[in-house]
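The values are calculated or read from the model by the stated rules, or taken from the named source; none is laboratory data. This structure is a prediction, so every number in the text was calculated from the model and none was measured. We place every Cβ from the backbone using ideal geometry, glycine too, and count neighbours over all the protein chains shown. The protein model used for the area step is the full one, side chains on, heavy atoms only, and it has no ligands, DNA or RNA in it. Shrake-Rupley method; radii C 1.70, N 1.55, O 1.52, S 1.80 Å.
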Amino acid sequence: MPKILVVDDEPDLELLLRQKFRRRIRSGEFTLVFAQNGVQALEQLERHPDVDMVLSDINMPEMDGLTLLHQLDQLNLDLRAVIVTAYGDMKNIRTAMNRGAFDFVTKPIDFGDLDTTIAKTLDHLQVMRDALRSRDELVALRQELGVAARMQESILPTVYPKDPRYELHAWMTPAREVGGDFYDFFRLEDDRMGIVMADVSGKGVPAAFFMMVSRTLLKGTAIGESDPAKCLEEVNQLLVNENEESMFVTTFYAKFNPPSGLVDFSNGGHNLPFIIKLSGKVEQIECEPGLVLGIMPSIDFPSGSVQMEPGDAFFFYTDGISEAMDENGTEFGELELAEVLSECGGLSASDINRHVVQAVQDHAGEAPQSDDITCLTLRYLGN
């Protein structure tokens, strides 16, 4: 309930205002508090810190209305002040407005005009409070997004294996503070390496949380299941059982054997990786697309294998690369991606990623990034 402090030294004004606004006071539209000068007004504000509006006369004993306005400005209170002054007293009106008065009414008081002024003042105050609350909520949300982004960064591996037999490097640029793409690599038994590239439906915080769950399930399952296709089957079943929001994730899971260069893989509806030969020849992996994970239970996922030769590079990516658009809405495309990759024969894993990301950014130009840009390159060096 809004609270209005009326400051005036005329003894009859309190009775008059209570009479004029009795129905609105009785209905709870606002309450009235009274003081006879600025000193009493400050005392009332101490007793009633929830005052929303001060309606003050200018000419009063002990402390006049202009001095009171100055005091209110110093206190930095969350309220609005309206002054009451003689008609045509432009000098005092100007001074009052400079000292923070929101509006003014003139004597003799027109109660219709006063009613309108009170309503306008309280509405303005509420709008400003709502705006400040929204700003605070936005600041808090951005802080939470910052925490979520740091959490996401902390779970994605950034330290790459140092092994003379292969190079591994990944790149991710989220479209928002937090993204839905994720990559992962982890050691398995028998000196194998598990590599994942995935893309969760949607963007923002929901996608980030689903990403974290998917990554954890996939890594945990892969450690105990040697067959990539069966690994995706188990993860899919777990996601279906706990997926009330009907989100899904596309996933390409590869199992790399460093001693031999053999890569066994399975695909769950994800973009098929490319093989970059040392000569610069580029070939896309042959495999059925398969279905995404998290939607349909008890499904089989297609699988295959590729024998890498020394100098070959295996390039994983998400559709944030192939579907990146320029200002005219033209996508980068897989043909353009293959062309860019053909320039990467013999480059290191990190240089291949940088070369592709730079090409995507050059293509996009000034167009805003609409999706996460994620890629990972495995380069086999041989024994």
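Miscellaneous remarks
- Mean residue ellipticity, 222 nm, helices only, the chain: the sum of -39500 (n - 2.57) across DSSP H runs of n ≥ 4, divided by residue count and rounded to 500, is -13000 deg cm²/dmol.
- Of all the options Y317, Y160, Y253, the one that moves most in a Gaussian network model of the chain with Cα springs shorter than 10 angstrom is Y160.
- Using a Gaussian network model of the chain in which every pair of alpha carbons under 10 angstrom is joined by a spring, one finds that among L15, L341, L42 the greatest mean-square fluctuation is at L15.
- Percent carbon-and-sulfur accessible area, the chain, ignoring ligands, DNA and RNA, probe 1.4 Å: 50
- A 1.4 Å probe run over the protein chains yields, for the chain, 50 Å² of accessible area per residue, whole-number rounding.
- Cβ-derived FRET efficiency at R0 41 Å, A140 paired with D227, nearest 0.05: 0.35
- Taking the Cα centre of the stretch 1-113 as origin and assigning +1 to Lys and Arg Cβ atoms and -1 to Asp and Glu Cβ atoms, the resulting dipole is close to 400 debye.
- Highest-MSF residue in the chain out of V292, V127, V356 [GNM, Cα springs under 10 Å]: V127
- Sorted from longest to shortest, the spans of the Cα atoms of the chain along the three principal axes equal 99, 42, 36 Å.
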